[in-house]
Amino acid sequence: MKQAYFILGPESSGTRMITKAFISSGCYGDFKHKQRLDDLNFKATPDKIVFRRSLPHGTKWPAIADTITLMRRSGYQVRPILILRDKDATAASQLRHAHERDGEEAKTNIAFSVDYTYKELTKVKMVPLVICYEPFVRYPEVRELFFKRLGLPVPQMEFFDANEKYQGQEV
């Protein structure tokens, strides 16, 4: 069966990092901002793909339910994965990368992003597999169990905790 891993999360929550891990595990996809699958054409793609959408994605709120429908029509069993990261670290990263203007706006947007994800997924009768950024990057055993649960090899790449640079910062 064809498998699509749909990575979702607030901006600066670790979506690119976890997408890179799926690619390291043998899935077809891209972890950078521009992706080959951005055209949402999933028909001529390999059996295992990973596709990422941060929320918002650029300035738009992606139609998650519609994207899953397109994946299903192309023969994929879809597994939505929501990555969550410490709210203060996520907000600090959003400010650093100019995704938001201030800390309160960033925190409000993070909460809305998670709510939006669940609302979209329930339209297609799904809930995400949720992974927390901190234990994922800190503990190899967590990554091993996570990928084994999905039937994928453990990624062979380096992981680091990007939260360290934000410790002690007021957001």
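The values are calculated or read from the model by the stated rules, or taken from the named source; none is laboratory data. Not measured: the values here are computed from a predicted model. Cβ coordinates were reconstructed from backbone atoms using ideal geometry, including for glycine residues, and neighbour counts include every protein chain displayed.
Results for (1) part of a loop (DSSP other than H, G, I, E, B); (2) at pLDDT 90 or above; (3) among the hydroxyl-bearing types (Ser, Thr, Tyr), shown as yes or no for each residue.
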{"position": "Thr19", "(1), (2), (3)": "no, yes, yes"}
{"position": "Ile23", "(1), (2), (3)": "no, yes, no"}
{"position": "Lys34", "(1), (2), (3)": "yes, no, no"}
{"position": "Ser54", "(1), (2), (3)": "no, yes, yes"}
{"position": "Gln77", "(1), (2), (3)": "no, yes, no"}
>> Looking at region 91-106, I want the residues that are under 16 Å from Thr15 (Cα atoms) and have a partner that is among the charged types (D, E, K, R) with Cβ atoms under 6 Å, at least 6 apart or on another chain. Which pairs are those?
In response: Ala91/Lys107; Gln94/Glu11; Gln94/Glu100; His99/Glu11
> Consider Ala111 against the criteria (1) small (Gly, Ala, Ser); (2) within 24 Å of Phe160 (Cβ to Cβ); (3) assigned to a helix (DSSP H, G or I): it satisfies all of them except one. Which criterion is unmet?
Replying inline: (2)
> Here are some residues: Val130, Val137. Which one is under 18 Å from the mean Cα position of the chain (by Cα), in a helix (DSSP H, G or I), hydrophobic (A, V, I, L, M, F, W, C) and surrounded by 12 or more Cβ atoms within 10 Å (Cβ to Cβ)?
Replying inline: Val137
>> Going residue by residue through region 68-85, is there one that turns out to be surrounded by fewer than 17 Cβ atoms within 10 Å (Cβ to Cβ), out of contact with any Pro (no Cβ under 9 Å at 6 or more places or on another chain), within 12 Å of Tyr116 (Cβ to Cβ) and not acidic (Asp, Glu)?
In response: no
> If you go through region 84-106 one residue at a time, do you hit one that is modelled with pLDDT of 95 or more and either more than 24 Å from Ser24 (Cβ to Cβ) or not in a loop (DSSP other than H, G, I, E, B) (or both)?
Replying inline: yes
>> Which of the numbered conditions does Ser113 fail, given that it passes all the others? Conditions: (1) surrounded by 15 or more Cβ atoms within 10 Å (Cβ to Cβ); (2) without any contact (Cβ under 8 Å) to a residue 12 or more places away in the chain.
In response: (2)
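Every residue, every condition in (1) among the hydrophobic types (A, V, I, L, M, F, W, C); (2) in contact (Cβ under 8 Å) with a residue 24 or more places away in the chain; (3) more than 20 Å from Met157 (Cα to Cα), yes or no:
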position: Ile7; (1), (2), (3): yes, yes, no
position: Ser13; (1), (2), (3): no, yes, no
position: Thr19; (1), (2), (3): no, yes, no
position: Cys27; (1), (2), (3): yes, yes, no
position: Phe31; (1), (2), (3): yes, no, no
